Amino acid sequence: MIITFFKYRTINELDTQINLYVEIEKYAPSYILPKYIKVYDFRRHIKGYRLFKIYKGKYIYVNVSYIEEGFKKFVFTLFLWEISLSFVLILMVYYILKRFLKKEQEHKRLLEFILGMISHKFGNFLSVQRVNLELIDAQNKKAFERIKEAYDFMEKDFQDILKIMRNTEQESVAKDNVEYVVERCIDAFQDRLNDKKIHLSLTDASVASKNDDFYNAIYELIDNASKYSKTYIRIKAIKKRKKLYIIVSNDINSKKSGSGFGLKLVEYLSAKNGWQFDIKAKNNTFCAALTIKL
C-alpha cells in the first residue's frame, strides 16, 4: 500500500516537472534541463533512460537510476520511521507492563496481609467461642442448640471466605464427574439428611472448572438445601444440546433463616466460570438451577 502510494506520487511529481520543463524549453531553448530528463523530437534508444511520456510531440525520457535512488531513499526513511515507532511502542508496552506488575504485586501483598489479619483475628475469636460453647451449662437446651447452630453457620462462612481469598491467585482447571460430586457432597451432610428424603436423577457428565469451583458450587447448593428443607431434597442433572442443567429443589422450613452467603458464593462462582445461576421460590418450594455449557 505504501509502495503503491510512493509510486503514484513519484509519477505525478515527474509528470508535473516534465510539463513545466517542456514549456520552459519551448520559450528558452538555451535552458539546461536536469540531467535525469532528456527531451527529443523523435523516438530513440538511450542507455540508462526510459521513455516516460510523449508531450506535445516531444519524447521525454527519464533516467532509471534517478527513480531507483528516490525509491531507495524512501524505503530507508520508511525503515527509520518503522524502527523509531517500534522502539517507542516497545518502551510504552514495557512501562505499562512494569506499572501493571507493580500494582499486581502490591495487590497480592495487600491480599496476603488482609488474609493473615482476618485469619488471625477471627480465627482466634471463633476458637474462643467454641471453647465457651463447650463450657456452657445451659438449662434451655433449645436455645443452646440455636446458638451452636448459628456459630456453625458463621464458622462455615468464615472458612469459605478464607478459601476464596486463598484461591484468588491460583488458576488450576480440572474436570469433575457430576454424579461423583453430588454423591460426595450428600455424604458430607449425611447427619442433616437422615430424616429427609433424597431424590436423585443424575446424568453422566463432566464439568471443567477452576480451583474446584464446580464442587464448591454443588456443595453450597446441597448445604443450603439441607439447612432449610423440611422433608425432601430433589437433585436433577439433565444434559441437553451441549448444556448441562443441574436443579436442586426442596420444600421450605419457614422456621429457619440464614445469611444467604452460600447462594451469594454460588452466584460468584457461576459468574467466574461463565455459568448461569437462577433461584426461585414458589408454593413453599425453593429451586436453584445451574446452567453450564459443556
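The values are calculated or read from the model by the stated rules, or taken from the named source; none is laboratory data. Because the structure is a prediction, the values reported are computed rather than measured. Because the Cβ atoms are built from the backbone with ideal geometry, glycine has one as well, and the counts that use them run over all protein chains shown. Note: areas computed on protein heavy atoms with side chains; ligands, DNA, RNA excluded. Shrake-Rupley method; radii C 1.70, N 1.55, O 1.52, S 1.80 Å.
Points worth noting:
- Residues that are at pLDDT 85 or above and assigned to a helix (DSSP H, G or I) within the range 252-263 comprise just one, LEU263.
- For the range 54-91, the set of residues classified as under 19 Å from PRO34 (Cβ atoms), assigned to a helix (DSSP H, G or I) and hydroxyl-bearing (Ser, Thr, Tyr) consists of SER65, TYR66, listed by residue number.
- Across the range 206-220, the number of residues qualifying as of a type in the set (A, V, I, L, M) and either assigned to a helix (DSSP H, G or I) or over 11 Å from ASP176 (Cα atoms) (or both) comes to 2.
- Hits in the range 264-294 (condition: in contact with an Asp or Glu (Cβ under 7 Å, 6 or more places away or on another chain) and either open to solvent by less than 40 Å² (accessible area, probe 1.4 Å) or under 25 Å from LYS197 (Cα atoms) (or both)): LEU265, VAL266, LEU269, ASN273, PHE277, ASN284, THR285, ALA289
- The listed residue being modelled with pLDDT of 90 or more and either part of a strand (DSSP E or B) or on the phi > 0 side of the Ramachandran plot (or both), out of ALA174, ALA237, ALA281: ALA237
- Filter result for the condition that a residue is out of contact with any Phe, Trp or Tyr (no Cβ under 6 Å at 6 or more places or on another chain), modelled with pLDDT under 80 and at positive phi, over LYS108, LYS56: LYS56
- Any pair with Cβ under 7 angstrom, 6 or more apart, that starts in the range 55-81 at a residue that is open to solvent by 90 Å² or more (accessible area, probe 1.4 Å) and ends at one that is in a helix (DSSP H, G or I): LYS56/VAL22
- The range 236-287, subset in contact (Cβ under 8 Å) with a residue 24 or more places away in the chain and among the basic types (Lys, Arg), residue farthest from LEU221 (Cα to Cα): LYS242
- The test for being at pLDDT 70 or above and not in a helix (DSSP H, G or I) does not hold for ILE18.
- None of GLU183, GLU220 is within 20 Å of LYS156 (Cβ to Cβ), of a type outside the set (Phe, Trp, Tyr) and either open to solvent by less than 30 Å² (accessible area, probe 1.4 Å) or modelled with pLDDT of 85 or more (or both) except GLU220.
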